[in-house]
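Just below is one structure, and these are the notes that go with it.
The values are calculated or read from the model by the stated rules, or taken from the named source; none is laboratory data. Small disclaimer: the values here were computed from a predicted structure and weren't measured. Positions of Cβ are generated from backbone atoms using ideal geometry, with glycine treated the same way; all protein chains shown enter the neighbour counts. Ligands, DNA and RNA are stripped out before the accessible areas are found, and what is left, the full protein with its side chains, is counted by its heavy atoms. Shrake-Rupley method; radii C 1.70, N 1.55, O 1.52, S 1.80 Å.
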Amino acid sequence: QVQLVERGGGLVQAGGSLRLSCTASERTFSTYGMGWFRQAPGKEREFVAAISWSGDSTYYADSVEGRFTISRDNAKDTVYLQMNSLKPEDTAVYYCAAEPWGIGNYGVNDYVYWGQGTQVTVSS
């Protein structure tokens, strides 16, 4: 059982930046593909970004491409999401998740382990 703990959410003005982090409880973290998802009130959980086990491959939703950057530090069992040029529509609870195939998938159902989520609120 992999436990994931997200940190770094908060309130920021439009145009600002936040950096989320997600730390895993197990050393097998380095074998998992990792993803970030978000869920706004009344909406389904949606894909934001993903990264392969090695960090060589990254994937982004069109809505965040060019503004968000996903990265990982396997020595620290941590994945990051750097969010720049934030918009009010980025407001949501952000979740990190781990999938055992290691490739960084797009689908919610591909991920086995989930964090508890962290709130990101962007004011206009």
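For region 60-73: of the residues being more than 19 Å from Gly8 (Cα to Cα) and over 11 Å from the mean Cα position of the chain (by Cα), which is surrounded by the most Cβ atoms within 10 Å (Cβ to Cβ)?
Filtering region 60-73 for residues that are more than 19 Å from Gly8 (Cα to Cα) and over 11 Å from the mean Cα position of the chain (by Cα), the one surrounded by the most Cβ atoms within 10 Å (Cβ to Cβ) comes out as Ala61.
Here are some residues: Ala49, Ala97. Which one is modelled with pLDDT of 95 or more, surrounded by 14 or more Cβ atoms within 10 Å (Cβ to Cβ), out of contact with any His (no Cβ under 9 Å at 6 or more places or on another chain) and farther than 20 Å from Ser17 by Cβ?
Of Ala49, Ala97, the one residue that is modelled with pLDDT of 95 or more, surrounded by 14 or more Cβ atoms within 10 Å (Cβ to Cβ), out of contact with any His (no Cβ under 9 Å at 6 or more places or on another chain) and farther than 20 Å from Ser17 by Cβ is Ala97.
List, please: which pairs have Cβ atoms under 6 Å, are six or more places apart or on different chains, and start with a residue in region 85-105 that is within 10 Å of Trp53 (Cβ to Cβ) and end with one that is part of a helix (DSSP H, G or I)?
Filtered contacts from region 85-105: Glu99/Asp110; Gly102/Thr31.
Is it the case, given these coordinates, that Ala14 is of a type outside the set (D, E, K, R), farther than 21 Å from Trp114 by Cβ and without any contact (Cβ under 8 Å) to a residue 12 or more places away in the chain?
In short, no.
What about Ser54, is it modelled with pLDDT of 95 or more, in a strand (DSSP E or B), over 20 Å from Ala14 (Cβ atoms) and among the polar types (S, T, N, Q)?
Judged against the criteria, Ser54 is not a match.
Report, by residue number, each residue of region 106-124 that is touching a residue at least 12 places away in the same chain (Cβ under 8 Å) and open to solvent by 60 Å² or more (accessible area, probe 1.4 Å).
Tyr106, Val112, Trp114, Gln116, Gln119, Ser124
Run Lys43 past the list (1) open to solvent by less than 50 Å² (accessible area, probe 1.4 Å); (2) among the basic types (Lys, Arg); (3) in a loop (DSSP other than H, G, I, E, B) and report the number of the one that doesn't hold.
Against the list (1) open to solvent by less than 50 Å² (accessible area, probe 1.4 Å); (2) among the basic types (Lys, Arg); (3) in a loop (DSSP other than H, G, I, E, B), Lys43 comes up short only on (1).
Just to be sure before I move on: is Trp36 surrounded by 18 or more Cβ atoms within 10 Å (Cβ to Cβ) and in contact with a Leu (Cβ under 6 Å, 6 or more places away or on another chain) in the structure I sent?
yes
Among the residues of region 13-25, is any at pLDDT below 95 and not in a strand (DSSP E or B)?
Within region 13-25 (the criterion being at pLDDT below 95 and not in a strand (DSSP E or B)), the answer is yes, since at least one residue qualifies.
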